[in-house]
Amino acid sequence: MEEKKLDINSIIGFVLIFAILIFMFWQNKPTPEELEAEKAKQEQVDAQQKAEENTIKENVSAAAATINLRDSSAVAAYKSNIGAFGFTTPNEATTKLENDLVYLEISNKGGQIIEARMKQFHTYDSIPVYLVKDGNAVFGLNFSTSDNRVLQTQDLYFEPSLSQSGENQVLSMKAKVASDRFLEYRYEMKPDDYLVDFTIRSQGLNGVINAAQPMKLEWKLKGIRHNKSVQYENRYTEMMYNYEDGKIDYLSAASSDEETEEDVKWLSYKQHFFTSILATKKNFKTVDISSENLVEDEGKSVLFTKNFEASIPIAMEGGEISENLNWYYGPADIDVLKKYEEYGLDDTIYFGWGIFGWINRYVFTPFYSFLSSFLPYGIAIVIMTILVRLAMSPVTYKSYLSQAKMKVLKPEIAELGEKYKDNAMKKQQETMKLYGKAGVSPMSGCVPAFLQMPIFYALFMFFPTSFALRQKSFLWAEDLSSYDSIAQLPFEIPFYGDHVSLFPILASVAIFFYMMMTTGQNMPTQPGMPNMKFIMYLMPLMMLFFFNNYASGLSLYYFVSNLITIGIMLVIKNFILDNEKIHAQIQENKKKPKKENKFQRKMREMMEQAEEQKKAGKR
């Protein structure tokens, strides 16, 4: 039997292709003049971003900016414009609610949250994680009054009252039309809890608010960037929602999207590892939602990921408002979200579709949590990878056994090809007959690969959704949930980036050697079929480019996984399988009478019929 040898030409080819690509990008790098022009363009973009950020701040407090509260005439004009709600004295103060987990700041103007900060988490550049800050969010009611005014609560001033209810902090914000008639926002924060009770109610407003006109709750939020790679973060930034008794759906993360849904229980503006959620005790009847993608390319100047908007009609009962809601500003961490079973907030994490998501959520997530509870996070990935590959080793064995049998039959298949080179139908018939006699199925190697697909895809989705990996270091990787940059390039390579990540390189090399073992010398090139050696070079290069901006934990998994698979295959080849014995077994199988099943008989009859028709046509 011919032994597989390391094809040095293949390795040289792989290295040369990569070197040529790097040379081409270096050769086409921008000139100093182009760099200056690009710098000027970038400065213009930065200025626009800054202006946009300032515009957001100005928009949120537009009404306040036009009112000089020290000018009695301006205040009087403002009160005249808002009618009965002018009873509340304008005041620009804010009130703070905080526990050990989250800090909220609520403004008298609009009675809304103007700052939501995570107290235990920081961004990649050591800045506290903000979900609401500098006017990136707007929340309020839009309604008409009985005297034909159209008001927005973000333009109204609320009167705050902070108190304690046991260990809970209670903030009542009231926009009054009289001392005992008001619109109230009531916030109640518990200790050590991300979930905040939020009630919207009115008292004595029957006849002030025009119940015949629609009232809408508007919630808008511009997702603040938190990750090193904004494109990678944006890929997992999306609006999720629970509707129609537990169904979970989402708007597109790849592009702008909008939808109208009914019977909605909660809305989640998910920003990869953090999320802002509005939940209701009684489902919203209808909700108009939209998501606008704000990321066009990578760059430190990109400040926001997506613009989320929701418009929710609010029904009045007896001319009054009563809505029992909850705010959640916190991590998209399964261990935290699963505590809120009443709402099922853990469904805001997308683990993957169907069986893939089930494996990710109920197998890999708890298994990794167990390993990382007593092992360093990077070591836990390695151990989990080893155990997964060992569990899949029987499938690997079946796949390699099929390849070994096909290799043994390769000379006989080549003889048939030569013998019937002018008769493709006959060649196919004889080849299938040979497979049948030898007890070999050309598809048997595909079945094990198919069985492994749910595992591979589940793990592919595990790393982007695993909050446990966020900002956990391993070897040279500072953050296993982000890319592991070992060098910064002076230029940007399209589809690759402006940095070099080492784990994807190691994973690509491992995949290259794995493909050499499995396809490089076993798969003859057939007419009309792609060149397998070309694919052997292409796949590692695709891996290199595709994963350069992905989580280093994922590349670490693929690197270790392929190393282990190579090791298992070498053990199978050198210590378990014997080509001579496989050949002897195949020859023995040929001597045994084979009984055709219905499918084989049908295929043979169809091929014979086609051959007869071909002969008849020649006559």
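The values are calculated or read from the model by the stated rules, or taken from the named source; none is laboratory data. No experiment lies behind these values; they were computed from the predicted model shown. No Cβ is skipped: glycine too gets one built from the backbone with ideal geometry, and neighbour counts run over all protein chains shown. These accessible areas exclude ligands, DNA and RNA; they are computed on the full protein's heavy atoms, side chains included. Shrake-Rupley method; radii C 1.70, N 1.55, O 1.52, S 1.80 Å.
A few remarks follow.
- As a summary of the residue check, Lys427 satisfies the conditions (1) of a type in the set (Lys, Arg); (2) modelled with pLDDT under 80; (3) closer than 30 Å to Tyr362 by Cα except for the one numbered (3).
- Scanning the range 251-271 for residues that are open to solvent by 10 Å² or more (accessible area, probe 1.4 Å) and out of contact with any Lys or Arg (no Cβ under 8 Å at 6 or more places or on another chain) yields Ser252, Ser255, Ser256, Asp257, Glu258, Glu259, Thr260, Glu261, Lys265, Lys270.
- Summed over the range 152-167, residues that are crowded, with 17+ Cβ neighbours inside 10 Å and of a type in the set (S, T, N, Q) total 2.
- Residues of the range 211-229 satisfying the condition of being open to solvent by less than 40 Å² (accessible area, probe 1.4 Å), farther than 22 Å from Glu258 by Cα and out of contact with any helix residue (DSSP H, G or I) (no Cβ under 7 Å at 6 or more places or on another chain): Ser229
- Checked against (1) of a type in the set (S, T, N, Q); (2) within 28 Å of Ile67 (Cβ to Cβ); (3) open to solvent by less than 70 Å² (accessible area, probe 1.4 Å), Thr237 passes all but a single condition, namely (2).
- Note on the range 307-337: residues that are touching a helix residue (DSSP H, G or I) at 6+ places or on another chain (Cβ under 7 Å), of a type outside the set (Gly, Ala, Ser) and either closer than 30 Å to Gln152 by Cβ or modelled with pLDDT under 90 (or both) total 1.
- Lys300 meets the stated requirement of being open to solvent by 40 Å² or more (accessible area, probe 1.4 Å), among the basic types (Lys, Arg) and outside any strand (DSSP E or B).
- Of the residues making up the range 270-280, those that are within 17 Å of the chain's Cα centre (by Cα), of a type outside the set (Lys, Arg) and at negative phi number 5.
- Among residues of the range 491-506 that are at negative phi and in contact (Cβ under 8 Å) with a residue 60 or more places away in the chain, those with a Cβ under 6 angstrom from a residue that is open to solvent by 50 Å² or more (accessible area, probe 1.4 Å) and assigned to a loop (DSSP other than H, G, I, E, B), sequence gap 6+ or separate chain, pair up as Phe491/Lys29.
- Subset of the range 146-179 that is among the β-branched types (Val, Ile, Thr) and in contact with a strand residue (DSSP E or B) (Cβ under 6 Å, 6 or more places away or on another chain) - its residue that is farthest from Pro90 (Cα to Cα): Val170
- Index of the failed condition, Val287 passing every other in (1) in contact with an Asp or Glu (Cβ under 6 Å, 6 or more places away or on another chain); (2) over 27 Å from Phe460 (Cα atoms); (3) open to solvent by 20 Å² or more (accessible area, probe 1.4 Å); (4) not hydroxyl-bearing (Ser, Thr, Tyr): (3)
Table: residues versus (1) part of a loop (DSSP other than H, G, I, E, B); (2) open to solvent by 40 Å² or more (accessible area, probe 1.4 Å).
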{"site": "Gly352", "(1), (2)": "yes, no"}
{"site": "Gly357", "(1), (2)": "no, no"}
{"site": "Val363", "(1), (2)": "no, yes"}
{"site": "Phe367", "(1), (2)": "no, yes"}
{"site": "Leu371", "(1), (2)": "no, no"}
{"site": "Leu375", "(1), (2)": "yes, yes"}
{"site": "Ile379", "(1), (2)": "no, yes"}
{"site": "Ile383", "(1), (2)": "no, yes"}
{"site": "Ile386", "(1), (2)": "no, yes"}
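- Scanning the range 312-350 for residues that are under 21 Å from Asn142 (Cβ atoms) and either open to solvent by less than 20 Å² (accessible area, probe 1.4 Å) or part of a loop (DSSP other than H, G, I, E, B) (or both) yields a total of 10.
- Any chance Asn307 is more than 23 Å from Asn99 (Cα to Cα), touching an Asp or Glu at 6+ places or on another chain (Cβ under 6 Å) and free of Cβ contacts under 8 Å to residues at least 60 places away in the same chain: no
- Looking only at the range 107-136, and only at residues there that are assigned to a strand (DSSP E or B) and in contact with a Lys or Arg (Cβ under 6 Å, 6 or more places away or on another chain), the one that is surrounded by the fewest Cβ atoms within 10 Å (Cβ to Cβ): Pro128
- Applying the criterion of at least 1 residues that are under 24 Å from the mean Cα position of the chain (by Cα) to the strands (runs of 3 or more DSSP E) found wholly in the range 171-269 leaves 195-203, 215-224, 237-243, 247-250.
- Among (1) open to solvent by 10 Å² or more (accessible area, probe 1.4 Å); (2) part of a strand (DSSP E or B); (3) basic (Lys, Arg), the one test that Lys306 misses: (1)
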